[in-house]
Amino acid sequence: MATKLLFDTAKQIPDTLPRAQLQSDPETRYDVLVIGAGPTGLACGIEAQRAGFKALVVDKGCVVNSIYHYPANMVFFTTPELLEIGDIPFTSPNQKPNRNEALEYYRKVVEHYHLPVAQYQKVETVSGEDGDFHVATSDRLGRIYDYQVRKLIVATGYYDLPNILNIPGEDLPKVFHYYREPHPFFDMDVMIIGGKNSAAIAALDLWRHGARVTLVHRGEKMSSRSVKYWILPDIENRIKAKEITAYFKTTAEEITADHVLLKTPSGDVEIRNDFVFALTGYHPDYDFLRAMGIELCPDQCRPVCDPVTLESNVPGIYVAGVIVAGSRTSEIFIENGRFHGQQIAAHLRKKLAASA
Ligand SMILES: Cc1cc2nc3c(=O)[nH]c(=O)nc-3n(C[C@H](O)[C@H](O)[C@H](O)COP(=O)(O)OP(=O)(O)OC[C@H]3O[C@@H](n4cnc5c(N)ncnc54)[C@H](O)[C@@H]3O)c2cc1C
C-alpha cells in the first residue's frame, strides 16, 4: 500500500545526520504511540496499556515537561485528587499541591505502571495511515528514531508557544514569556503584561521579593473570571495601595533597552524598565496538527474529532488534553483532560480487537 507523507520536516534536518531507518526493528513497533508526556499523554499511555496494548509515550522534553517549566514555586489551583491519573492516589499534606509534589507524583505513576516513555525525542514526521503509521523522532543530538505504530494519540499541550505581542523590541533578551522565580529581579524595574491569573501571581511574587512592578493590561481591570478568587483581592489591594503600579485599558507599543512605551487612555507614557514578562497566554501548535491532516475549526481552531472517541478526522489519529479546546485553552486542563485516555482506550479496544 502506498505510504502517504503527512508531515515532513526532513528538509530542516542537516544532510550530515543519519536518515530515518526504512525498516523498523521489533522494539520500535507499538500498537499505540502517544505524542506528549503531559498528564493527559501519560493517562492515555496508561489506559492503552491497561487495555492490553503495547504503548509508547514520546516527549521532546522530560516527563510532564510543561509542569517542569512552570514557575518554580507554583501552587496548583486544583486539589490533589483532581490531578490523579491511572487511579494512583496523589497524597499531599497541603490543600493544594505544589509543582515539586506534582513532578514527584507523575514520576511515581510512570514507575508504577512501567510505562515506556521516550524522553527528549521530538516527533518530526508522521506518515502512513491507520494501522500502519510511521513516526520519526529526533533526539537532542539530532539522531533519528523511526517507530511503526497502529494508532497515534496526539497530546502535545499548548505551553510551548506563547501568544506574542508583535511589537518592536519583543525580541530583546530582557523580554520573557515565561515566569520562573523572583530572585534575579530584586531591586529592578519589572513590567508584567497581562491581566489573568499567571500575570497576577507573577506580579505579586516579584513585588514580594523586592522588584518594582508595573502591571499593564488592555482590559479595564484584572479579569475576575480568570484570576482565582483567593488571588484577586491580593492583587487588587496591592494596586489600590500603589505598591504595584497598574495601567488598565493600556497596551505596550514598544520595548527598548531601558523603557517601555505605553498607550494609555490619557496618552502615551514612557516607563523606565529593566525586564518585561509578557504573560498573555499560550496556544497549541496548530501547524503540527494540520501537518498530520487534522482539520481545525475556523473560529477557535478546535481539532475536528468525535467528541466521544476523540478520533480526529484522520482515521487512527486521536487528539487528547488541552489541544481539544483549540484556542480556548482554559476549557480543558488536567482536571478534565485526564479522562481522555479512558475515552480513547474504550474506542481502541473495539477497533484494535476487531483488526487483530
Ligand atoms: C502556571 C500554570 C498552572 C496551572 N495549574 C493548573 C491546576 O492547578 N489544575 C489544572 O487542572 N490545570 C492547571 N494548569 C493547566 C494544565 O497544566 C494544562 O492544561 C495541562 O498541563 C495540559 O495537559 P496536556 O497533557 O494536555 O499538555 P501538557 O502538559 O502541556 O503536555 C504536552 C507535552 O507534549 C510535549 N510535546 C509537544 N510537542 C511535542 C512533539 N512534537 N514531540 C514530542 N513531544 C511534544 C511537551 O513537551 C509536553 O510535555 C496550569 C497551567 C499553568 C501554565
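Need one number: nm distance between label points at PHE186 and HIS114, each 7 Å from Cα along Cα→Cβ, rounded to one decimal.
Spacing of the two 7 Å Cα→Cβ label points: 4.9 nm.
Between GLU220 and LEU141, what is the label-point separation in nm under the 7 Å Cα-to-beta-carbon projection?
6.0
Evaluate the charge dipole of segment 238-342 about its Cα centre and quote only its size in Debye, nearest 20, assuming +1 on the Cβ of each Lys and Arg and -1 on the Cβ of each Asp and Glu.
Here segment 238-342 has a charge dipole of around 420 debye.
Within segment 308-356, which trypsin sites (Lys or Arg not before Pro) sit in a loop by DSSP and count at most 10 neighbouring Cβ atoms inside 10 Å?
Here no loop site has a sparse enough neighbourhood.
Find, among the chymotrypsin sites (Phe, Trp or Tyr not before Pro) in segment 210-274, those assigned to loop by DSSP (not H, G, I, E, B) with at most 13 other beta-carbon atoms within 10 angstrom.
For chymotrypsin sites (Phe, Trp or Tyr not before Pro) across segment 210-274 that sit outside H, G, I, E and B with at most 13 neighbouring Cβ atoms in 10 Å, the list reads TYR229, TRP230.
When the helix-only estimate is applied to the chain (DSSP H runs of n ≥ 4, each -39,500 (n - 2.57), divided by the residue count), what is the mean residue ellipticity at 222 nm, nearest 500 deg cm²/dmol?
Helices in the chain give a 222 nm mean residue ellipticity of -6500 deg cm²/dmol.
Of the listed pairs LYS54/LYS228; LYS108/LYS196; LYS151/LYS228; LYS174/LYS228; LYS174/LYS196, which have alpha-carbon separations greater than 30 Å here?
As for pairs spanning more than 30 Å Cα to Cα, those are LYS54/LYS228; LYS108/LYS196; LYS151/LYS228.
For the pair ASP160 and PHE248, how long in nm is the line joining their label points, each one 7 Å along Cα→Cβ?
That separation, rounded to one decimal, is 3.8 nm.
Whole angstrom only: what separates the Cα centroid of segment 78-120 from the Cα centroid of segment 182-206?
28
If the only charges are +1 at each Lys and Arg Cβ and -1 at each Asp and Glu Cβ, what is the size of the charge dipole of segment 175-278 around the Cα centre, to the nearest 20 debye?
Using Cβ point charges on Lys, Arg, Asp and Glu, segment 175-278 gives about 520 debye.
Take peptides 150-160, 100-110, 57-67, 272-282 and line them up by average Cβ neighbours within 10 Å, highest first, as a rough protection proxy.
So the peptides 150-160, 100-110, 57-67, 272-282, ranked by packing, come out 150-160, 57-67, 272-282, 100-110.
Provide the packing ranking of 255-263, 112-120, i.e. peptides ordered by the mean count of other C-beta atoms within 10 Å per residue, highest first.
Put in order of decreasing packing, that is 255-263, 112-120.
FYI, it's all coordinate maths here, none of it is from the lab. Treat the numbers as computed from the prediction; the structure is a model and nothing was measured. Glycine also receives a Cβ, built like all others from the backbone with ideal geometry; neighbour counts cover every protein chain displayed.
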